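Below is one structure, written out as structure tokens; comments come after it.
The values are calculated or read from the model by the stated rules, or taken from the named source; none is laboratory data. Predicted model, so just to flag it, every value in this text is computed and none were measured. Note that we place each Cβ from the backbone using ideal geometry, even for glycine, and neighbour counts take in every protein chain shown.
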Amino acid sequence: MKKLIFVLVSSVCLGQTDQYKQILLTKKLGKEIRSYSKGYGMLTDPKTGKAGIVDSLGTITFNSSFKSEISRIWKDRFILKVKSGNSNGKTALIDETGKELIPLDNFRFRTWENKDRMIYTKQGKECVYDFNGKQIIPFADKIEFGSENRFFVKKNGVWLIYDFDGKQVSDREFTTDLRFYKGRTYIVTGDKSGEIIDNNGKTLTTISNHNVDNINAFPFLVTLDTAKNTYGIINDKENVIADEIYDQAFVGREYIYLTKDDKVSIFSKKEGKVYDLDYHYVNPLFNGLFKTSQDQNNPKAAVVRLSGEIVFPKEYDRVEGLSMHGEKYLYLRKNDDEQILDKNLKSILKDDYEIEKIFPNTLILSKEDIYYKFSPKDGQYVELKGFKEIKPFEMYPMLIGKNIDYFYGILDEEGKEVVPFIYDDIITFPGANEFIIKKDNKFGVSNHQNEPLAEVVFDKFIQDKKGIKLIRGKETQYIYFTEQKDRNFMD
């Protein structure tokens with residue numbers, strides 16, 4: 001039986017990885033560097049417990065004068081926590097040189113990811129600082145993040161909306177702080193009544209006769225009959241689109257999915273219409289196509305349209321929507337037969353080629369024991385000369401296999417050699433960039449950029465959830481896994 005194909009994601013290989021840079025700095029300084037990322041890492045003296053900061057050149061830019069802990073929160077901004085002496089328990093915001101931008105004190109803080117803003121809490125009051133130590137919002141009773149660009153500030157018992165520059169954006173007062181999604185939120189004002197406001201406090205629409213459950217498809221709203229626990233849909237004018245008769249409602253990018261009596265109905269936001277389908281559930285592909293659900297009772301899938309028209313019958317083992325070079329494609333597998341169709345549902349491959357692997361912009365194919373790279377963009381079949389055999393059941397986001405001399409190596413999706421074909425084996429781990437390389441019964445560690453994270457000199461290795469421990473006699477080296485952060489090109 002033909003092996004299953006694995007739909008993969010691609011890796012972009014540019015420059016040194018932070019992990020390898022951390023290893024090089026550790027060797028250069030003879031001190032363990034940790035948490036290296038984008039130009040800076042941290043170190044701690046194991047004897048004194050004093051912490052420091054090191055830059056990409058290996059220069060120690062700051063050494064604390066007391067036992068402490070340093071963590072990075074944004075670019076060249078760090079949090080220093082003192083663990084001894086008169087300042088024990090105090091915290092400061094510092095730059096890479098140790099300059100205190102917010103002085104050591106007993107305060108707590110909260111930040112928003114990738115935003116240089118800090119809610120600073122001290123003695124029951126709160127204010128907002130930027131990461132240069134400038135106070136953006138003065139002390140108030142309470143401050144909360146409302147979104148990536150809004151704060152809620154409580155003064156004299158009421159909440160007000162502020163932007164990230166510290167400007168109050170509305171005179172409207174609220175009884176509680178709120179959370180905005182795509183610049184909107186819903187406020188319940190009574191039984192079956194409420195209003196949707198934007199992040200400047202402006203009312204977008206008022207609801208007077210429905211319990212609103214979800215506004216994420218605005219201007220379409222999911223409603224809930226609380227007595228029957230059933231769902232429906234209205235628009236922002238409170239016109240009923242779907243009665244509250246459905247057991248569940250799920251909001252997607254283009255559609256709202258409604259289920260009732262083990263059947264699914266789909267509301268198209270674009271068309272403003274509900275379509276009833278004779279299936280338990282469906283998932284969108286592209287251009288109004290959907291694949292039906294698969295389960296133990298019926299493991300096969302069909303491809304259907306919103307209208308219910310069956311495009312491909314419920315006979316397929318796997319159905320996926322793909323994006324390659326910005327174009328949409330449909331992957332179908334039934335038993336050993338695999339196809340990739342274009343948006344017009346025409347096959348893009350010649351019949352005598354078999355699909356081995358799918359990458360974001362290319363396919364790896366085989367024909368008569370010869371491997372090829374194929375691009376749907378130009379329709380060209382390019383032989384991968386010297387490549388003999390794909391390693392079976394391999395999910396690493398590159399092409400791992402043997403050459404004509406039966407040594408293992410790795411090619412990228414363009415067929416270019418990333419790891420030379422000199423190894424007796426390559427052993428990968430799910431979701432990790434790092435892998436074992438084996439040569440002459442010795443083990444080492446490399447990664448998607450062929451960086452020598454650990455030399456091929458170790459006698460054995462042990463893998464756990466966090467990484468790989470290599471062992472040679474009494475010598476050990478531990479390599480932490482880094483997560484593959486590659487884009488998924490399946491719709």
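Read through the list (1) in contact (Cβ under 8 Å) with a residue 24 or more places away in the chain; (2) in contact with a strand residue (DSSP E or B) (Cβ under 6 Å, 6 or more places away or on another chain); (3) buried (at least 19 other Cβ atoms within 10 Å of the Cβ), then give the number of the only condition that Gly409 fails.
Every condition holds for Gly409 apart from (1).
Go through Ala301, Ala242 for me and flag whichever is within 30 Å of Leu363 (Cα to Cα) and touching a strand residue (DSSP E or B) at 6+ places or on another chain (Cβ under 9 Å). Steps first, answer last, please.
Details: Ala242 fails: within 30 Å of Leu363 (Cα to Cα).
Checking each option against the conditions leaves just Ala301.
Go through (1) outside the structural domain of Asp243 (by TED's automatic domain parsing); (2) acidic (Asp, Glu); (3) in contact with a Ser or Thr (Cβ under 6 Å, 6 or more places away or on another chain) for Glu195 and report which single condition fails.
Every condition holds for Glu195 apart from (1).
Given the conditions (1) at pLDDT 95 or above; (2) under 27 Å from the mean Cα position of the chain (by Cα); (3) not hydrophobic (A, V, I, L, M, F, W, C), which single one is not true for Glu394?
Among (1) at pLDDT 95 or above; (2) under 27 Å from the mean Cα position of the chain (by Cα); (3) not hydrophobic (A, V, I, L, M, F, W, C), Glu394 violates only (1).
Criterion first (among the hydroxyl-bearing types (Ser, Thr, Tyr) and surrounded by 20 or more Cβ atoms within 10 Å (Cβ to Cβ)) does Ser87 satisfy it?
Values: among the hydroxyl-bearing types (Ser, Thr, Tyr): yes; surrounded by 20 or more Cβ atoms within 10 Å (Cβ to Cβ): no.
For Ser87, the condition - among the hydroxyl-bearing types (Ser, Thr, Tyr) and surrounded by 20 or more Cβ atoms within 10 Å (Cβ to Cβ) - is not met.
Could you look through segment 308-337, keep only residues that are assigned to a strand (DSSP E or B) and among the small types (Gly, Ala, Ser), and pick out the one that is surrounded by the fewest Cβ atoms within 10 Å (Cβ to Cβ)?
Only one residue fits best here, namely Ser323.
Keeping to segment 65-103, report how many residues are at pLDDT below 95 and hydroxyl-bearing (Ser, Thr, Tyr).
3
Taking the conditions exactly as written (farther than 23 Å from Val319 by Cβ, in the same structural domain as Ile462 (by TED's automatic domain parsing) and not in a loop (DSSP other than H, G, I, E, B)), does Lys373 satisfy them or not?
In short, no.
Quickly run through segment 308-322 and pick out the residues that are among the basic types (Lys, Arg) and more than 22 Å from Leu258 (Cα to Cα).
Step one: list which residues in segment 308-322 are among the basic types (Lys, Arg), which gives 314, 318.
Listed by number, the list holds a single entry, Arg318.
Tally the residues that are over 19 Å from Lys260 (Cβ atoms) and part of a strand (DSSP E or B), restricting the search to segment 281-307.
7
Among the listed residues Ile426, Ile422, which satisfies the condition of being crowded, with 16+ Cβ neighbours inside 10 Å and not charged (D, E, K, R)?
Ile426
Within segment 54-72, which residues are of a type in the set (S, T, N, Q) and within 16 Å of Leu93 (Cβ to Cβ)? Break it down stepwise before answering.
So the first thing to find is which residues in segment 54-72 are of a type in the set (S, T, N, Q), and the list is 56, 59, 61, 63-65, 68, 71.
Of everything in segment 54-72, those that are of a type in the set (S, T, N, Q) and within 16 Å of Leu93 (Cβ to Cβ) turn out to be Thr61, Ser64, Ser68, Ser71.
Against the definition (outside any strand (DSSP E or B), assigned by TED's automatic domain parsing to the domain that holds Glu271 and either closer than 20 Å to Arg117 by Cα or touching a helix residue (DSSP H, G or I) at 6+ places or on another chain (Cβ under 6 Å) (or both)), how does Asn200 come out, yes or no? Give the derivation first.
Details: outside any strand (DSSP E or B): yes; assigned by TED's automatic domain parsing to the domain that holds Glu271: yes; either closer than 20 Å to Arg117 by Cα or touching a helix residue (DSSP H, G or I) at 6+ places or on another chain (Cβ under 6 Å) (or both): yes.
So Asn200 passes the test.
I want to confirm something. Restricting to segment 352-370 and keeping residues that are farther than 13 Å from Glu414 by Cα and in a loop (DSSP other than H, G, I, E, B), which single residue is farthest from the chain's Cα centre (by Cα)?
Glu368
Basic (Lys, Arg), within 29 Å of Thr59 (Cα to Cα) and part of a strand (DSSP E or B), is that true of Arg110? Outline the logic, then answer.
Working: basic (Lys, Arg): yes; within 29 Å of Thr59 (Cα to Cα): no; part of a strand (DSSP E or B): yes.
Considered against the rule, which asks whether it is basic (Lys, Arg), within 29 Å of Thr59 (Cα to Cα) and part of a strand (DSSP E or B), Arg110 comes out as no.
Say we look at segment 376-408 and pick out the residues that are of a type in the set (Ser, Thr, Tyr) and outside any loop (DSSP other than H, G, I, E, B); which of these is nearest to Asn344 (Cα to Cα)?
Kept after step one, since they are of a type in the set (Ser, Thr, Tyr), are these residues of segment 376-408: 381, 396, 406, 408.
Subsequent filtering for residues that are outside any loop (DSSP other than H, G, I, E, B) retains 381, 408.
Working: Tyr381: 22, Tyr408: 39 Å.
Checked segment 376-408; the qualifying residue nearest to Asn344 (Cα to Cα) is Tyr381.
Specify the residue that is surrounded by the most Cβ atoms within 10 Å (Cβ to Cβ); the eligible residues are those in segment 351-371 that are more than 20 Å from Leu332 (Cα to Cα) and of a type outside the set (A, V, I, L, M, F, W, C).
Taking segment 351-371 as the starting set, the residues that turn out to be more than 20 Å from Leu332 (Cα to Cα) are 368-371.
Imposing the further condition that a residue be of a type outside the set (A, V, I, L, M, F, W, C) reduces the set to 368-369, 371.
Values: Glu368: 7, Asp369: 7, Tyr371: 23.
The qualifying residue surrounded by the most Cβ atoms within 10 Å (Cβ to Cβ) is Tyr371.
Tally the residues that are in a strand (DSSP E or B) and of a type in the set (Gly, Ala, Ser), restricting the search to segment 113-154. Show your work before the answer.
Restricting attention to segment 113-154, the residues satisfying the condition of being in a strand (DSSP E or B) are 117-122, 125-130, 135-140, 142-147, 150-154.
Keeping just the survivors that are of a type in the set (Gly, Ala, Ser) gives 140, 146-147.
Of the residues in that region, 3 qualify.
Please tell me if Leu349 is of a type in the set (A, V, I, L, M), within 23 Å of Leu399 (Cβ to Cβ) and in a loop (DSSP other than H, G, I, E, B).
On the way: of a type in the set (A, V, I, L, M): yes; within 23 Å of Leu399 (Cβ to Cβ): yes; in a loop (DSSP other than H, G, I, E, B): yes.
Criteria met by Leu349.
Of all residues in segment 233-252, count the ones that are in contact (Cβ under 8 Å) with a residue 12 or more places away in the chain and either closer than 17 Å to Asn216 by Cβ or among the aromatic types (Phe, Trp, Tyr) (or both). If you could, list the steps in order and put the result at the bottom.
Step one: list which residues in segment 233-252 are in contact (Cβ under 8 Å) with a residue 12 or more places away in the chain, which gives 233-238, 241-242, 244-249, 251-252.
After this cut, where a residue has to be either closer than 17 Å to Asn216 by Cβ or among the aromatic types (Phe, Trp, Tyr) (or both) as well, the list is 233-236, 241-242, 246, 248-249, 251-252.
Counting residues in segment 233-252 that are in contact (Cβ under 8 Å) with a residue 12 or more places away in the chain and either closer than 17 Å to Asn216 by Cβ or among the aromatic types (Phe, Trp, Tyr) (or both) gives 11.
Yes/no per residue for (1) of a type outside the set (Lys, Arg); (2) loosely packed, with under 14 Cβ neighbours inside 10 Å; (3) under 23 Å from Phe164 (Cβ atoms):
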position	(1), (2), (3)
Leu57	yes, yes, no
Phe62	yes, no, no
Arg72	no, no, yes
Ala92	yes, no, yes
Ile102	yes, no, yes
Arg108	no, yes, yes
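Being modelled with pLDDT of 95 or more and under 14 Å from Glu320 (Cα atoms) narrows it down to one residue among Leu341, Leu363; which is it? So that I can check it myself, show each step before the final result.
Working: Leu363 fails: under 14 Å from Glu320 (Cα atoms).
One residue alone meets the criteria, Leu341.
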